[in-house]
1. Within 10 Å of each Cβ of A:10-17, how many other protein chain Cβ atoms are there on average?
2. For chain A, what's the relative contact order in percent, using C-alpha pairs closer than 8 Å and at least 6 residues apart?
3. Determine, at each q value in 0.14 (inverse angstroms), the log₁₀ of I(q)/I(0) that the Debye formula gives when each Cα of region A:72-134 is one equal point scatterer.
4. Given H placed 1.01 Å from N in the peptide plane, which residues other than close sequence neighbours of A:Tyr107 have an amide H under 5 Å from its amide H?
5. In square nanometres and to one decimal, what's the mean projected area of the convex hull around the Cα atoms of region A:190-234?
6. What do you get for Rg/Rh of chain B when both radii come from the Cα atoms and Rh is the Kirkwood radius?
7. When only DSSP loop residues count, what GluC sites (Glu not before Pro) in region A:14-97 have their Cβ near at most 12 other Cβ atoms within 10 Å?
8. Please report Rg over Rh for region A:201-341, where both radii come from the alpha carbon positions and Rh follows the Kirkwood definition.
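Please treat every number below as a calculation from the coordinates, not as lab data. Remember, it's a predicted structure, so these values are computed and weren't measured experimentally. Note: ideal-geometry Cβ built from the backbone for every residue, glycine included; neighbour counts use all protein chains shown.
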Amino acid sequence: MTAVELSYWQQTVFRVLGVLVAVILPAGGFVYVFLFKMMSFMQSRLGPMEAGPYGSMQLLAEVGKFLQKEDIVPEKADRRLFFLAPYIVLASTFLLLVVMPFGPDAYFTNLDTGIFLAMGLSSISVIGILIAGWASASKYALIGGLRAAGQLIAYELPMVLAVVGVVIQAGTLNLQGIVTAQHSGEIFGFGGIGNPFIITQLVGFFVFLTATQAELTQTPFDMPVAESEIVTGYITEYSGLRFLLFFIGEFATAGAFAAIAATLFLGGWAVPFVDLDDDIMNIAGPLVLFGKMMLVGFLIFWVRFTFPRFREDQLQAFAWKFLIPISLVNILATMVLKVAF
Amino acid sequence: MSDFLRDYLTVGIFGLVGAGLVGLLLGVGSLLRPTRPQPEKYINYESGVDPVGSQWGQSQVRYYIFALLFVMFDVEAVFIFPFATRVDAYGWFGLVEMVVFIVILALGLLYAWKKKVLRWV
């Protein structure tokens, strides 16, 4: 419990600062730890080493470089839509984090619609991507935008259906409630470590992570930005700072989805054996969540650096003929078990 | 204002913060970056050769039918979520109802599958 009562605008200032950290820190962390370092080590090289110790200041150097780049808008482009697209993509990333809980009192909003709202708001980015692809007035961008739209809607379904399994087990859509349900849960009467839903919803976790991979257009599912055939898809005509904004959006969304996966399946900010109402969790909670988020991020990028790209038709077939049926079966099985026990 | 509305106001504020960050970065960038316009810079990228034909060239959208299927399944998700939070309260009765609902949807998917809608055309 906080000792001082803050007025609404004061809380809002804290939340705005909090969400800026919650967007920029995971985005920066993912790019440095996974994209720069992990990928380099997997390819037997060192990655950036010059800027700062072990190249840790490389990100600042990159941002400084992009800030100085000339702003180029193709003359044939639909200028207003071209300018609008990055706003929509980044706004959708920020909206994704609205419902995330970081500790017993550390949350942005404690909405009862929780995860449902987050799933809905996450799909706004499709509109931004489609606008970007269309407004660029480039053949590559148009094809990339359409592919992205087809892929994002196809993989949104398995993602939503995978979440249903968790919701059935927890009995609530509220993310704080889902964390509580995992902390106080029992596995066949044994309540020692609670019940992180990854144990009972392993299928759901697999489907959710696969769908996340596709929503982020990470490598096995990177047909929309396939560099060997359509350059970089919908961001082909975006250069300099506007490209950086799409890039930040992509990695911040990766962080947000990893945090959601950690909250839904790995117990969120809670730690076993530590009381949920403990004040210390307001400080330790965000760190615990960050650790779990990096773990999920590791899985996402491990897959990204390992697998070759799916063909477009394989990609659609995988969503419709494999992921959706097994997530429907998962829902049915979870319901039956929930009612039976 | 009630807490409920304030929570949703926060949702709106977060959207504005996201858009504001974009505006801020682009604003800072516009102070720092050079502007040296040359007509060649503003031609669309088409692998280094001059662009051919209309930029919004016609292409076959092969998966528009998936979009229709998507609408169907997304609406279904809206119905499943409220039930999912109340599985315990409805017990076996609710379970049977929901199984019927999901089986009908699965039949729809199966029908689309058999009609070769899910195939790459």
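1. 2
2. Details: 502 pairs, mean separation 78.3, N = 341.
RCO, chain A: 23 percent.
3. Scattering profile of region A:72-134, log10 relative to I(0): -0.50.
4. Excluding prolines and chain starts, which carry no amide H, the hits are A:Phe102.
5. Working: hull surface 15.7 nm².
Reported value for the Cα convex hull: 3.9 nm².
6. Working: Rg = 25.4 Å, Rh = 21.2 Å.
Rg/Rh for chain B comes to 1.20.
7. Numbers: sites: A:Glu50, A:Glu62, A:Glu70, A:Glu75; in loops: A:Glu50, A:Glu70, A:Glu75.
Qualifying residues, ordered by number: A:Glu50, A:Glu75.
8. Details: Rg = 18.3 Å, Rh = 17.3 Å.
With Rg and the Kirkwood Rh in hand, the quotient comes to 1.05.
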